[in-house]
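The structure appears below as structure tokens.
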Amino acid sequence: MNPAPNLVLVGPMGAGKTSIGRRLAERFGLCFVDADHAIEQRTGATISAIFEHVGESGFRERESAVLAELLSGEGQLVATGGGAVLDAGNRRLMQERGFVVYLCAGLESQLKRLARDRSRPLLQRPDREQVLRELARIREPLYREVADLVMDTDGLTAAEASSRLCLQLAERWNGNGVAA
Ligand code: S3P
């Protein structure tokens, strides 16, 4: 049994980290925190505005600072942004302070789930499929490196995925003394 004090979700945009995370947090009695939302609260700016004004590198600095702050706490389910695993320090922290679940999704599911999204700066271009494919090529090994558990969300609703995940987590994770 892994005793990590937090649950951490990693995975690409459109894997369902927020929708599955909310359900899981409720089941495990954890406080749900969306890292992007926390960044917006701390900075008083939207993710799009941050990318626009300080670029992706400025966003990544803020992302690392917020993750460090969040993961110093416990009893939380932290849904991270798709690029959070790029930084080695973030990955170390996630592993030290969290039981890490990689939610994976194929390109087709991602495109479908993100079809109406206009808020993600990296996808504000016509060649979304190519962008997502290239991001996956770089990030997929990093998601796997950091993960304690991998779960494929393709073809599952958020409710189905979180129910399955609950069962698997109950067998492997006893962080914060909580049980499913
Ligand atoms: C990003 C994913 C987004 C957000 C930002 C950058 C990425 O989070 O952090 O737009 O680099 O993949 P979600 O994975 O929650 O969409």
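Overview of values
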| read-out | value |
| --- | --- |
| Region 1-29: number of residues that are more than 13 Å from the ligand (Cβ to nearest atom) and more than 19 Å from Ala68 (Cβ to Cβ) | 10 |
| Single unsatisfied condition, His37 versus (1) farther than 16 Å from Gly98 by Cβ; (2) in a helix (DSSP H, G or I); (3) touching a residue at least 12 places away in the same chain (Cβ under 8 Å) | (3) |
| Only listed residue being out of contact with any His (no Cβ under 7 Å at 6 or more places or on another chain), of a type outside the set (A, V, I, L, M, F, W, C) and under 29 Å from Leu107 (Cα atoms), chosen from Gly73, Gly58 | Gly58 |
| Residue match in region 44-53 (condition: surrounded by fewer than 23 Cβ atoms within 10 Å (Cβ to Cβ) and in contact with a strand residue (DSSP E or B) (Cβ under 9 Å, 6 or more places away or on another chain)) | no |
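For every residue, the table says whether it meets (1) loosely packed, with under 11 Cβ neighbours inside 10 Å; (2) under 13 Å from the mean Cα position of the chain (by Cα).
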{"residue": "Asn90", "(1), (2)": "no, yes"}
{"residue": "Met94", "(1), (2)": "no, yes"}
{"residue": "Gly98", "(1), (2)": "no, yes"}
{"residue": "Val101", "(1), (2)": "no, yes"}
{"residue": "Gly106", "(1), (2)": "no, no"}
{"residue": "Arg116", "(1), (2)": "yes, no"}
{"residue": "Arg120", "(1), (2)": "no, no"}
{"residue": "Leu123", "(1), (2)": "no, no"}
{"residue": "Pro126", "(1), (2)": "yes, no"}
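Since every read-out is calculated from the coordinates, none of them should be taken as a lab result. Remember, predicted model here, so these are calculated numbers, not experimental data. Cβ coordinates were reconstructed from backbone atoms using ideal geometry, including for glycine residues, and neighbour counts include every protein chain displayed.
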